[in-house]
Each structure stands twice: as structure tokens, then as C-alpha cells.
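The structure under discussion appears below in the form of C-alpha cells.
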Amino acid sequence: MDNLKPPTQRKASFGATMKAVFWSFFGVRKKSDYEKDAAQLNPVHVLIAGLIGVLIFIATLVTIVHFVVAK
């Protein structure tokens, strides 16, 4: 039990997580940015940001369809 590594401290803010998730929706990420994100982003923040991103995406699609069908 003494040879366990201490947990790594995640330093990225929720805003940085939202930015990383936003760019991942487009699939536009440099390898160096991906590696930096993997080391710094909190997985819980990534999950929450992904859900927020999906909700915004769905709301945008529903709004577009609503305007197209209404005309």
C-alpha cells in the first residue's frame, strides 16, 4: 500500500474544458493540444461540458428545423 502514487492535480478551469469540448465537436485539435488537455482536464468537467455541448447542439438543430418548417 505504501507504493501508491498520489492523485494527479488537474489544473484546467471549466472554461478551458468547455473550449476543448467545443473544438472536439469540430474534430479540430492539434496533437500537442490534445496531450496537454489529457494531462490537465478534469474528467468530470469534460463529461459535464460534453452534455452541455450536446444540449446546445440539439437546441440549435430544433430551432433551425422549427424555422424551416414554419415557412
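All of the numbers you see were taken from the coordinates with simple rules; none came from a lab. These numbers were taken from a predicted model, which means no experiment stands behind them. Backbone-built Cβ (ideal geometry, glycine too); neighbour counts: all protein chains shown.
Overview of results
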quantity: Total lysine pairs under 18 Å (Cα atoms) in the chain, excluding pairs fewer than 8 apart on one chain; calculated: 5
quantity: Taking SER13, SER32, SER24 and counting other C-beta atoms within 10 Å, the order from fewest to most; calculated: SER32, SER13, SER24
quantity: Order of HIS66, HIS45 - criterion: other Cβ atoms within 10 Å of each residue's Cβ, fewest first; calculated: HIS66, HIS45
quantity: Under the Karplus curve 6.51 cos²θ - 1.76 cosθ + 1.60, θ = phi - 60°, whole-Hz ³J(HN,Hα) for the stretch 46-53, x wherever Gly or Pro sits; calculated: 5, 4, 5, 5, x, 5, 4, x
quantity: Label-to-label distance, nm, for residues given as SER13 and PHE25 (7 Å Cα→Cβ offset); calculated: 2.0 nm
quantity: Mean residue ellipticity (222 nm) of the chain, computed from DSSP H runs ≥ 4 via -39,500 (n - 2.57), nearest 500; calculated: -24000 deg cm²/dmol
quantity: Sparsely packed trypsin sites (Lys or Arg not before Pro) within the stretch 18-59, loop by DSSP, other Cβ within 10 Å at most 11; calculated: LYS30
